[in-house]
1. Report the calculated FRET efficiency for residue 199 and residue 266 (r = Cβ-Cβ distance, R0 = 30 Å), to the nearest 0.05.
2. Of the listed peptides 75-85, 240-250, what is their order by residue-averaged count of other C-beta atoms within 10 Å, with the highest listed first?
3. Can you tell me the FRET efficiency between residue 287 and residue 50 if r is taken as the Cβ-Cβ distance and R0 is 22 Å, rounded to the nearest 0.05?
4. May I ask you to evaluate 6.51 cos²θ - 1.76 cosθ + 1.60, the Karplus curve with θ = phi - 60°, for each residue of segment 108-120 and list the ³J(HN,Hα) values in order in whole Hz, giving x for glycine and proline?
5. Please compute the volume of the convex hull spanned by the alpha-carbon atoms of the chain and report it per residue in Å³.
6. Between residue 131 and residue 164, with labels modelled 7 Å along Cα→Cβ, what's the label distance in nm to one decimal, could you check?
7. Given that compact globular proteins tend to follow 2.2 N^0.38 Å, what is the ratio of the alpha-carbon Rg of segment 59-116 to that value?
8. So what is the relative contact order for the chain, in percent, with contacts set as C-alpha pairs under 8 Å and at least six apart?
Amino acid sequence: MAAEATNIESAPNGERATGDGAGLPTVVTADGTTRPIIGALSPSRAGDFMTCPLLYRFRVIDQLPERPAPAAVRGTLVHAVLERLYDLPAAGRTPAAARELLLPEWRRLLDEEPAYADLFADDAEREAWLEQAAGMLDRYFHMEDPRRLEPAQRELYVEAVLDSGLLLRGYIDRLDVAPNGDIRVVDYKTGSAPGPEFEAKALFQMKFYALVLWRLRGTVPRLLQLMYLGNGEVLRYSPDEDDLRATERKIHALWQAIERAVRTKQWHARRSRLCDWCDHQALCPMFGGTPPPVPDRAPAEMLRSRRAATDEI
Ligand code: SF4
């Protein structure tokens, strides 16, 4: 796994989410000045807050455990196979080769996370689940021909600090770089493409990555490409600098809202169809539950927490 990042100094003791920089980790910028980091955000966690602030709180502040869901683990498995596929020589990247990678990658995931074995009631259920993953891989080959591609990066960890001191970070599934230097950011989704009313939300994640790459490399990616392996659709978008400046403003507004929620301890529950997949209904007022007292912990203290940055949940 590759990484591109700014130069972040080790965090001193006494982190606080005050935003005044006192005692916070710092970043050394290109001109040699040292700047405090006020907090960290990934596209997934930003998406959580936009979907439901209480969900963000449960995940980032309370850090409540969640049960692995078969659909999410299937996504992890398909991503792992697609990453491994590009280890093969170009001519060998065939549908049959992808299917052959499925079981070894599943065993590797099981070794890393034995609890995945409990996802299925019986062997037949697991086999059906594996066949769904295989079907997504087959569909991938109808969307593009991996024999004709040579990704510059796969599973690339990126992070960059905005002028405000907010650290943005996340994992990019694939980065393609054309001979003329044009960058294409590719993200695989194992669900189906969203309807037009939800496209902007889907693209927010990609613009977030584009902004990080722009900050890191000084180049706006030419194309953002979301590949929906659930139904074989591809969503493409070419961002420009104005787009990414607007994304930066949106991220700042979001961070201010998060800081306000931290300060006031007001984390509103927002009901949506995503509640059907939420592990925290028993603690949610929308479902008759009562959230526990808010822990005395702030997002800035999550800087070194994988959960603050990860896209896995
Ligand atoms: S059940 Fe719905 S409203 Fe409640 S915390 Fe989860 S996502 Fe938010």
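Read-outs: derived from the displayed coordinates by stated rules, not from any lab. Owing to the predicted nature of the structure, the values given are computational and were not obtained by experimental measurement. Neighbour counts run over all protein chains shown; Cβ positions are idealised from the backbone, glycine included.
1. Numbers: r = 30 Å, r/R0 = 1.01.
Plugging the Cβ-Cβ distance into 1/(1 + (r/R0)^6) gives 0.50.
2. Top of the packing list down: 75-85, 240-250.
3. 0.60
4. 5, 4, 5, 4, 6, 9, x, 4, 4, 4, 8, 5, 10
5. Measuring per residue, one finds 149 Å³ for the Cα hull of the chain.
6. Simple spin-label model gives 4.9 nm for this pair.
7. Numbers: Rg = 14.4 Å, N = 58, 2.2 N^0.38 = 10.3 Å.
So segment 59-116 has a normalised radius of gyration of 1.39.
8. 25
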